[in-house]
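Step one of this worksheet: look at the structure below.
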Amino acid sequence: MRLKDKIAIVTGAGSGFGEGIAKRFAEEGAKVAVVDLRGDAAERVAKAIGHGAIAITADVGSAEDVARVVRVTVEKLGTPHILVNNAGVAHRNRPIMEVDEAEFDRMFRVNVKSIFHFVREVAPVMRDAGGGAIINIGSTAGMRPRPGLTWYNASKGAVNLASKSLALELAPWKIRVNAICPVIGETGLLETFMGVPDTPENRARFIATIPLGRMSRPEDIASATLYLASDEAAFITGVELPVDGGRTV
């Protein structure tokens, strides 16, 4: 098993990409802290995983909540070797002038500030334990943006660039930092990203921009994240890895 005896924190793990990552990590031998704002969703995923998984309800934009996540993980599972900053939100695809300040603030709080909080709490713990791996779920939106999602694109651009800068700063602590950049995916946020009803016709418009002919799926993101979290990627840091079927080529 590729993550045997490893301990991981996965945020936004109550559904979508995060759920897929948490379950795949557990299958590969990791103990997983399933973190989500929705406590019932976190409990469902942790229960499905079974032994070695715990559910933690937390607002990732809150410094107090993030400190509690790390503290509880250490107390119940042990020192985390892996952190996956997956929690994220978006505004509905629409013209830039229709996005209000509250939506803007919420996106940067969840998508970007959460990473600030988690790095401050987790990096020293990883350093003292000899190192670790941080994987941030960015987006192709931060590399090749689509119109109608400007402020979401900007938040994911920040995630992508912060990951590269963190890789440089944390390398002396033996902490690797990488970003996964999914293309639009088959998750609960699909209609938000499209800005139109989820119909076969509307899906086809977006799929037409992806050379491999489909949207991303949780298992795609889980597989890429597993690789970057594993010892197989021991010499890989500062990478923005598109998992996008060729969208950014």
TODO: State whether the residues of region 64-71 include one that is acidic (Asp, Glu), closer than 25 Å to Val159 by Cα, in contact with a Gly (Cβ under 9 Å, 6 or more places away or on another chain) and in a helix (DSSP H, G or I).
DONE: no
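Of all residues in region 189-213, which are in a loop (DSSP other than H, G, I, E, B) and within 16 Å of Ser139 (Cα to Cα)? Full working, then the answer.
Here is the first cut: in region 189-213, the residues in a loop (DSSP other than H, G, I, E, B) are 189, 195-199, 208-213.
Leu189, Thr209, Ile210 - these are the residues of region 189-213 that are in a loop (DSSP other than H, G, I, E, B) and within 16 Å of Ser139 (Cα to Cα).
Scan region 8-41 residue by residue and report those that are part of a loop (DSSP other than H, G, I, E, B), without any contact (Cβ under 8 Å) to a residue 40 or more places away in the chain and surrounded by fewer than 24 Cβ atoms within 10 Å (Cβ to Cβ).
Correct list: Gly29, Arg38.
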Task: Cβ-Cβ under 7 Å pairs, at least 6 apart or on other chains, region 195-211 side within 21 Å of Val243 (Cβ to Cβ), far side part of a loop (DSSP other than H, G, I, E, B) and at pLDDT below 80 - done: none
Open item on the list: If Glu101 meets every condition in (1) closer than 29 Å to Phe25 by Cα; (2) among the charged types (D, E, K, R); (3) without any contact (Cβ under 8 Å) to a residue 24 or more places away in the chain apart from one, which number is that one?
Closed with: (1)
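Looking only at region 167-186, which residues are in contact (Cβ under 8 Å) with a residue 12 or more places away in the chain and farther than 17 Å from Ser139 by Cα? If you could, list the steps in order and put the result at the bottom.
Our first condition is that a residue be in contact (Cβ under 8 Å) with a residue 12 or more places away in the chain; within region 167-186, this holds for 167-168, 170-171, 173-186.
Ala167, Leu168, Leu170, Ala171, Trp173, Lys174, Ile175, Arg176 - these are the residues of region 167-186 that are in contact (Cβ under 8 Å) with a residue 12 or more places away in the chain and farther than 17 Å from Ser139 by Cα.
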- [ ] Please list, ordered by first then second residue, the pairs with beta carbon atoms under 7 Å, 6 or more apart or interchain, first in region 53-69 and surrounded by 16 or more Cβ atoms within 10 Å (Cβ to Cβ), second among the hydroxyl-bearing types (Ser, Thr, Tyr).
- [x] Val60/Thr11; Val60/Ser114; Gly61/Ser114
Task: Residue ID - surrounded by the most Cβ atoms within 10 Å (Cβ to Cβ), chosen from residues in region 178-188 that are assigned to a strand (DSSP E or B) and among the small types (Gly, Ala, Ser) - done: Ala179
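The values are calculated or read from the model by the stated rules, or taken from the named source; none is laboratory data. Bear in mind the structure is a predicted one, so any value in this text is a computation, not a measurement. Glycine gets a Cβ as well: all are built from the backbone with ideal geometry, and neighbour counts include every protein chain shown.
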